[in-house]
Amino acid sequence: MNLDIATLSLGLAIFLLLNLIAALWRAARGPTPADRMLAALLFGSTGVGILVLLAFAGGHPALVDVALTLALLAAISGIAFAQRAWQKPGEEDDAP
Amino acid sequence: MPHRQQTSHATTSRSALRRGAIFALLWLAAAEGNLNAWPLALAGVAGATAASLWLLPAKTLLPISAGGLLRFLVWFVRQSLAGGIQVAGLALQRQPALRPALIEVPLTLPPGLPRLLFTAALSLMPGTLGVRLQGDTLLVHVLDRRQPLADDAARLANRVAAVFREAR
Amino acid sequence: MLLDLLSALLLLAGAAFFFAGTVGLLRFPDIYTRLHALAKADNLGLGCVLAGLALQADSLAVALKLLAIWPLALIASAAVGYSIARRAERLGVAPWQERQP
């Protein structure tokens, strides 16, 4: 049994890239502004997945750091978004 | 919003030690175990600990049970697996069997972190998606309105309450 | 190698979940159901990919770094997913119902 994880990683990275393109096309088509916000979700999951796979495929370990940073920024901006969403005046303020 | 509170020194220093250890572990992982830049690591860990104590003083945080958190994580990974498999199955069906509905769920957990963890985890569990947190209810979108939502929500609330020791 | 086999299986399972998420996004009828597809399938896909690669890591620290990405991605999609659903509801987007009268 001789498995080449690097080659598999490269193939799957390309496969995920095709997924990302199809999903982005769908998100851009709308029809509501909320649909277009789906692009923000896609980079946090599929984008990060592509980066870590490429890190192993090409032996560029630094791409793992890029993925980690992207995930961290996605988490921070997501929380900022959500906080705005549930702190509208006259609604429940969920701060502790 | 950060505000300082009268906190006993013992609580604060225990909290600082615990958080410092977590930040140090994160640094070790991010630096891949390489400690050549240890002065920078020390400064980074100290700065992160100070910032976290300023933004989230030890007293405002409910005590977290390590065992409860670990059990929650294991259970959550299993639920997340079930959720992913369910939605993947629906997506790949010839005619996706969707019976969606918006349903209100009463919140039994205290406001703050417990409710946030509840809402976030619910969205990653099978068939449920948090839509609106308002007052003491959470509006939930379900993929199948025959799902026993009240039971699932109660089970999740119990798990979250076990993470925060005094959440009940 | 058993470890390589396990890695490969996890990577392939991850790609399958990503694919299912994309299919759900393309086929599901409204924003709420599409959010279900992305929030669950894509996150599980990422978790599988990260676990598969962590098995290949040279050191425990590298494996931990890879696994640390997962909770961040989960927080991001829970928060962004909630914001999108909340926004859609505010905009008055009604959830799709089967067999509309």
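Of all residues in the range B:131-148, how many are within 14 Å of chain C (Cβ to nearest Cβ) and open to solvent by 10 Å² or more (accessible area, probe 1.4 Å)?
8
Looking only at the range B:46-53, decide whether some residue is open to solvent by 50 Å² or more (accessible area, probe 1.4 Å), outside any helix (DSSP H, G or I), farther than 18 Å from C:Trp70 by Cβ and not assigned by TED's automatic domain parsing to the domain that holds B:Pro126.
Keep residues of the range B:46-53 that are open to solvent by 50 Å² or more (accessible area, probe 1.4 Å), which gives B:46, B:50.
In the following step, the residues that additionally are outside any helix (DSSP H, G or I) were identified as none.
Checked the range B:46-53: no residue is open to solvent by 50 Å² or more (accessible area, probe 1.4 Å), outside any helix (DSSP H, G or I), farther than 18 Å from C:Trp70 by Cβ and not assigned by TED's automatic domain parsing to the domain that holds B:Pro126.
Kindly list, by first and then second residue, each pair from a residue in the range A:43-67 that is at the interface with another protein chain (Cβ under 9 Å from one of its Cβ atoms) to a residue that is among the polar types (S, T, N, Q), limited to pairs with Cβ atoms under 8 Å and residues at least 6 apart or on different chains.
From residues that are at the interface with another protein chain (Cβ under 9 Å from one of its Cβ atoms), the pairs are A:Gly44/C:Ser77; A:Ser45/C:Asn43; A:Ser45/C:Ser77; A:Thr46/A:Asn19; A:Leu53/A:Ser9; A:Phe56/A:Ser9; A:Phe56/C:Gln56.
I want to confirm something. Restricting to the range B:78-97 and keeping residues that are among the aliphatic types (A, V, I, L, M) and open to solvent by 70 Å² or more (accessible area, probe 1.4 Å), which single residue is modelled with the lowest pLDDT?
B:Leu92
Per-residue answers, yes or no, for (1) at the interface with chain B (Cβ under 7 Å from one of its Cβ atoms); (2) polar (S, T, N, Q):
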site: C:Leu3; (1), (2): no, no
site: C:Thr22; (1), (2): no, yes
site: C:Tyr32; (1), (2): yes, no
site: C:Leu50; (1), (2): no, no
site: C:Lys65; (1), (2): yes, no
site: C:Ile69; (1), (2): no, no
site: C:Gly81; (1), (2): yes, no
site: C:Ala88; (1), (2): no, no
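Which count do you get for residues in the range B:86-132 that are touching a residue at least 24 places away in the same chain (Cβ under 8 Å) and assigned to a helix (DSSP H, G or I)?
Just the residues of the range B:86-132 that are touching a residue at least 24 places away in the same chain (Cβ under 8 Å), to begin with: B:86-87, B:90, B:97-110, B:112-114, B:117-118, B:121-122, B:124-128, B:131.
If we keep only those that are assigned to a helix (DSSP H, G or I) too, we end up with B:86-87, B:90, B:113-114, B:117-118, B:121-122.
So the count comes out to 9.
Going by what's in this entry, would A:Gly58 be described as open to solvent by less than 60 Å² (accessible area, probe 1.4 Å), under 23 Å from C:Leu64 (Cβ atoms), at pLDDT below 85 and out of contact with any Lys or Arg (no Cβ under 6 Å at 6 or more places or on another chain)?
Yes, satisfied.
Please work out which residue is nearest to the chain's Cα centre (by Cα), limiting yourself to the range B:29-60 and to residues that are hydrophobic (A, V, I, L, M, F, W, C) and farther than 26 Å from A:Pro61 by Cβ.
Among those residues, the one meeting the criterion is B:Leu56.
For the range B:61-75, check the following and say yes or no: at least one residue is outside any helix (DSSP H, G or I), among the aliphatic types (A, V, I, L, M) and free of Cβ contacts under 8 Å to residues at least 40 places away in the same chain.
Scanning the range B:61-75 turns up no residue that is outside any helix (DSSP H, G or I), among the aliphatic types (A, V, I, L, M) and free of Cβ contacts under 8 Å to residues at least 40 places away in the same chain.
Condition check ((1) over 14 Å from the mean Cα position of the chain (by Cα); (2) at pLDDT below 90; (3) not charged (D, E, K, R)) across all residues:
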{"position": "C:Thr22", "(1), (2), (3)": "no, no, yes"}
{"position": "C:Phe28", "(1), (2), (3)": "yes, yes, yes"}
{"position": "C:Leu38", "(1), (2), (3)": "no, yes, yes"}
{"position": "C:Leu44", "(1), (2), (3)": "no, no, yes"}
{"position": "C:Gly52", "(1), (2), (3)": "yes, no, yes"}
{"position": "C:Trp70", "(1), (2), (3)": "no, no, yes"}
{"position": "C:Arg86", "(1), (2), (3)": "yes, yes, no"}
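Out of all the residues in the range B:111-121, which are open to solvent by less than 10 Å² (accessible area, probe 1.4 Å) and closer than 14 Å to C:Asn43 by Cα?
Within the range B:111-121, B:Ala121 is the sole residue that qualifies.
Need the failing condition index for B:Phe72 against (1) open to solvent by less than 70 Å² (accessible area, probe 1.4 Å); (2) over 23 Å from B:Arg155 (Cβ atoms); (3) within 22 Å of the chain's Cα centre (by Cα), just the number.
(2)
The values are calculated or read from the model by the stated rules, or taken from the named source; none is laboratory data. Just so we're clear, the structure is a prediction, and the values are computed from it rather than from any experiment. No Cβ is skipped: glycine too gets one built from the backbone with ideal geometry, and neighbour counts run over all protein chains shown. Only protein heavy atoms, including side chains, enter the accessible area calculation; ligands, DNA and RNA are left aside. Shrake-Rupley method; radii C 1.70, N 1.55, O 1.52, S 1.80 Å.
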